[in-house]
Amino acid sequence: MASSKQLTNDLEYLGALLRKSERGGSPFMIYALWAVLVLVGFSMVDFAPHRVGLFWFIAGPLGGVASAILGHRYGLTIGQLNREDGLRHLWHWFGIMLAILLAVPLGVSGAIAWPVLSRVFLLIVALAYFLAGVHLERPLKWVGLLMMAGYVSLFFIPAYGWTLVGILVSLSLVVSGWVERRRGGTPDR
Amino acid sequence: MERILEHRSRLALCVLLNRNDCMSFSRLKGLLEETDGSLGAHLLKLEKEGYLSVRKEFRDRKPVTWYSLTKRGKEALDSHLGSLSRLIRQGSGGRS
């Protein structure tokens with residue numbers, strides 16, 4: 001019978017194997033998709049503020065559906081399917097979208113001015129990314145922190161602050177996606 | 001303890017498949033770093049024991065074999081891991 005030391009080694013091996021199987025959880029295309037949406041959506045606050053709401057009302061859910069499809073396709077490509085993980089992602093982002101949707105009446109009713117509410121939305125999304133990084137995919141933690149820094153910077157940047165924040169967040173998403181792709185060691189399709 | 005799961009690779013296969021709904025042969029091979037023959041032999045043993053179910057399909061005109069853990073396989077794995085934990089605790093307790 002195996003010694004307890006050998007058994008401990010075996011269990012450590014299993015732990016390492018499980019961690020290895022969880023690397024590269026999302027494909028680069030999902031990060032790239034949201035990098036584009038963030039770049040466009042954030043810039044619109046500076047250049048077409050009256051269209052921002054409509055943009056996110058359409059792009060948000062559509063981006064979510066596209067992400068789910070891309071995630072599933074990626075699972076098929078790499079040969080690993082985990083419905084529970086997928087549902088966890090879905091509930092996380094759905095919860096954030098719902099929170100934002102429920103806050104919209106504050107702007108519509110005039111209770112909070114739209115420029116202020118937009119910053120509150122940024123803070124909510126920043127928290128969402130940060131928590132996603134803690135519970136779902138590690139790189140998103142840094143994207144969340146960058147968004148929080150972006151929120152603070154908006155109080156000091158006199159013009160085109162949203163565009164600048166959008167560019168930086170977009171770049172961080174691309175870099176995060178690239179890092180995840182390298183960690184996963186499998187190519188995107 | 002389940003004798004068939006005393007082999008590290010077979011135990012690893014069951015642990016991975018317990019964590020995921022299903023995994024392909026090539027994914028398992030990449031993670032365990034086994035040869036085709038060796039991995040195939042382990043998977044066949046587990047399948048014959050009723051621990052795995054197998055599904056074959058074509059994807060991009062290439063054959064893909066998917067494996068998932070059966071209910072019997074989950075129960076065997078739980079039982080085996082429980083036994084391992086008890087053994088380790090006994091081993092640690094004996095030394096103190």
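Just so it is clear, none of the values below were taken in a lab; they were calculated from the coordinates. Everything quoted here is computed from the prediction, not taken from an experiment. Using ideal geometry, Cβ is built from the backbone for each residue, glycine included, and neighbour counts are taken over all protein chains shown.
Arrange A:Tyr151, A:Tyr160 by Cβ neighbour counts within 10 Å, fewest through most, would you?
Working: A:Tyr151 18, A:Tyr160 14.
Least crowded to most crowded, the residues run A:Tyr160, A:Tyr151.
Comparing A:Ala159, A:Ala59, A:Ala126, which has the greatest mean-square fluctuation in the GNM of chain A with Cα pairs linked when under 10 Å apart?
A:Ala159
In a Debye calculation with equal point scatterers on the alpha-carbon sites of region B:3-91 and no solvent, what is log10 I(q)/I(0) at q = 0.17 Å⁻¹?
One equal scatterer on each Cα of region B:3-91 leads to -0.69.
If contacts are Cα pairs under 8 angstrom and at least 6 residues apart, what is the relative contact order of chain A in percent?
Working: 169 pairs, mean separation 71.2, N = 189.
After rounding, I find 38 percent.
For the residue pair A:Leu154 and A:Leu131, what label-to-label distance in nm results when each label sits 7 Å from Cα along the Cα-to-beta-carbon direction?
Distance between the two pseudo-spin positions: 1.9 nm.
Of the candidates A:Gly71, A:Gly110, A:Gly25, which one comes out as most mobile in a Gaussian network treatment of chain A with C-alpha springs shorter than 10 Å?
A:Gly110
May I ask which residue of A:Ala66, A:Ser176, A:Phe155 lies farthest towards the positive end of the charge dipole of region A:25-184, with charges of +1 (Lys, Arg) and -1 (Asp, Glu) on Cβ and the Cα centre as origin?
A:Ser176
Quick check on the exposure proxy: order B:Asp36, A:Asp10 from fewest to most C-beta atoms within 10 angstrom.
Details: B:Asp36 10, A:Asp10 17.
Arranged by neighbour count, lowest to highest, B:Asp36, A:Asp10 become B:Asp36, A:Asp10.
Of A:Lys5/A:Lys141; A:Lys20/B:Lys74; B:Lys45/B:Lys71; A:Lys20/A:Lys141; A:Lys5/B:Lys74; A:Lys141/B:Lys71, which sit over 27 Å apart, Cα to Cα? Kindly include the intermediate steps, with their values, before the conclusion.
Numbers: A:Lys5/A:Lys141 36 Å; A:Lys20/B:Lys74 21 Å; B:Lys45/B:Lys71 16 Å; A:Lys20/A:Lys141 20 Å; A:Lys5/B:Lys74 25 Å; A:Lys141/B:Lys71 36 Å.
A:Lys5/A:Lys141; A:Lys141/B:Lys71, as the Cα separations exceed 27 Å there.
What is the spin-label model distance, in nm, from A:Val36 to A:Leu62 if the labels are put 7 Å beyond Cα along the C-beta direction?
Taking the simple label geometry, A:Val36 and A:Leu62 are separated by 1.1 nm.
Excluding A:Trp91 itself, calculate the net charge of residues whose Cβ lies under 14 Å from the Cβ of A:Trp91, where each Lys or Arg counts +1 and each Asp or Glu counts -1.
Working: positive: A:Arg83, A:Arg88; negative: A:Glu84, A:Asp85.
After counting each charged neighbour, the total is 0.
In a GNM of chain A with a 10 Å cut-off on Cα contacts, which of A:Pro49, A:Pro61, A:Pro158 has the highest mean-square fluctuation?
With Cα springs under 10 Å in chain A, the top fluctuation among A:Pro49, A:Pro61, A:Pro158 is at A:Pro158.
If you take the beta carbon distance between A:Leu145 and A:Ala103 as r and set R0 to 22 Å, what does 1/(1 + (r/R0)^6) give as a FRET efficiency, to the nearest 0.05?
Values: r = 22 Å, r/R0 = 1.00.
The formula returns an efficiency of 0.50 here.
How large is the dipole of region A:96-189 about the Cα centre if only Lys and Arg carry +1 and Asp and Glu carry -1, each at its Cβ, rounded to the nearest 20 debye?
Numbers: 7 positive and 3 negative charges, 50 e Å.
It comes to approximately 240 debye.
Using amide H atoms built 1.01 Å from N in the peptide plane, name the residues 5+ places from B:Leu52, or on other chains, whose amide H lies under 5 Å from its own.
Those qualifying (amide H under 5 Å, at least 5 residues apart or on another chain) are B:Glu47, B:Thr70.
For A:Ala111 and A:Val179, what is the calculated FRET efficiency with R₀ set at 30 Å and r taken between the beta-carbons, to the nearest 0.05?
Values: r = 41 Å, r/R0 = 1.36.
Plugging the Cβ-Cβ distance into 1/(1 + (r/R0)^6) gives 0.15.
For A:Leu123 and B:Val64, what does the FRET efficiency come to when R0 = 41 Å and r is the distance between their Cβ atoms, rounded to the nearest 0.05? Walk me through the numbers on the way to the answer.
Values: r = 44 Å, r/R0 = 1.07.
According to the calculation, E is roughly 0.40.
Under the Kirkwood approximation applied to all pairs of distinct alpha-carbon atoms, what is the hydrodynamic radius of region A:46-180 in Å? Walk me through the numbers before you get to the answer.
Values: mean 1/r = 0.0619 Å⁻¹.
The answer is 16.1 Å.
Using the count of nearby Cβ atoms within 10 Å as a rough guide to exposure, how do A:Val45, A:Val104 rank from fewest to most?
Working: A:Val45 23, A:Val104 15.
Ordered by Cβ neighbours within 10 Å, fewest first: A:Val104, A:Val45.
For region A:33-90, max minus min Cα coordinate along each principal axis, in Å, sorted largest first?
Over region A:33-90, Cα extents along the principal axes are 43, 17, 13 Å.
Quick check: the distance between the Cα centres of region B:37-92 and region A:102-135, to the nearest angstrom?
First find each Cα centre; the distance between them is then 46 Å.
Points 7 angstrom from Cα along the Cβ direction at B:Glu33 and B:Lys74: gap in nanometres?
A separation of 3.1 nm, rounded to one decimal place.
Got a sec? Charge dipole of the protein assembly as shown, +1 on Cβ for Lys and Arg, -1 for Asp and Glu; which of A:Ala128, B:Thr65, A:Gly144 is way out at the positive end?
B:Thr65
So which helices of chain A fit the span-like rule, where a helix is a whole DSSP H run, its Cα atoms reach 30 Å or more along the axis, and its mean Kyte-Doolittle is at least 0.0?
Details: long enough: A:52-78 (36 Å, 1.21); A:83-108 (38 Å, 0.83); A:114-135 (31 Å, 1.75); A:161-184 (34 Å, 0.72).
Helices meeting the span and hydropathy rule in chain A are A:52-78, A:83-108, A:114-135, A:161-184.
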